[in-house]
Amino acid sequence: MVTAYTFEKLRDIIRKLRAPDGCPWDRAQTHESLIPCLKEESEEVIEGIQILKDTQDGDNLCEELGDVLLQVMLHSQIAEEEGLFTVDDVMEGLCRKMIRRHPHVFGDKKAGDPEEAVKTWEEIKKMEKEGKT
């Protein structure tokens, strides 16, 4: 029987890895200590995209995207332990941002081409960032 893993199961795995009886390496990680890992995994996604382009085989890209997701999950778990935010907050913020920055999809604004969509994105992003340091 094949196990079908879910997002909640992934969350449980990450919590277990960081738990007192979990993995010593995972428990020792901080946002700062994970920076090299995030950089490396991001570079490997770029390599995976090139492999996909060259071979039409998506297996490597799929694996590397999983490694980036692991980084997101670890950072989110550490933040939850620190009382900062949860992975649910990350998803909530991302969903709100995608809807807000795509009024041509989720609202009544029109974007006739990719350049116009990017212009709208940048305008909204600029308004959001005004007044923030």
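Evaluating THR3 against the criteria (1) surrounded by fewer than 15 Cβ atoms within 10 Å (Cβ to Cβ); (2) of a type in the set (Val, Ile, Thr); (3) in a helix (DSSP H, G or I) leaves one unmet condition, (3). When GLU122, GLU116 are screened for being surrounded by 12 or more Cβ atoms within 10 Å (Cβ to Cβ) and of a type in the set (Asp, Glu), only GLU116 passes. Is it the case that some residue within region 75-83 is farther than 12 Å from GLU41 by Cβ and among the hydrophobic types (A, V, I, L, M, F, W, C)? Yes, region 75-83 contains a residue that is farther than 12 Å from GLU41 by Cβ and among the hydrophobic types (A, V, I, L, M, F, W, C). A residue that is more than 17 Å from HIS31 (Cα to Cα) and among the hydrophobic types (A, V, I, L, M, F, W, C) cannot be found anywhere in region 75-90. When restricted to residues that are touching a Ser or Thr at 6+ places or on another chain (Cβ under 9 Å) and either farther than 16 Å from ILE13 by Cβ or exposed (fewer than 12 other Cβ atoms within 10 Å of the Cβ) (or both), region 69-90 contains 5.
What do you reckon, is GLY58 touching a Leu at 6+ places or on another chain (Cβ under 9 Å) and exposed (fewer than 14 other Cβ atoms within 10 Å of the Cβ)? Can you show your working first?
On the way: touching a Leu at 6+ places or on another chain (Cβ under 9 Å): yes; exposed (fewer than 14 other Cβ atoms within 10 Å of the Cβ): yes.
Criteria met by GLY58.
Applying the criterion of at least 1 residues that are at pLDDT 95 or above, small (Gly, Ala, Ser) and under 19 Å from the mean Cα position of the chain (by Cα) to the helices (runs of 4 or more DSSP H) found wholly in region 23-133 leaves 35-55, 59-81, 87-100.
The values are calculated or read from the model by the stated rules, or taken from the named source; none is laboratory data. Since we're looking at a predicted model, the values are computed, not measured. All Cβ positions, even for glycine, are placed from backbone atoms using ideal geometry, and neighbour counts span all protein chains on display.
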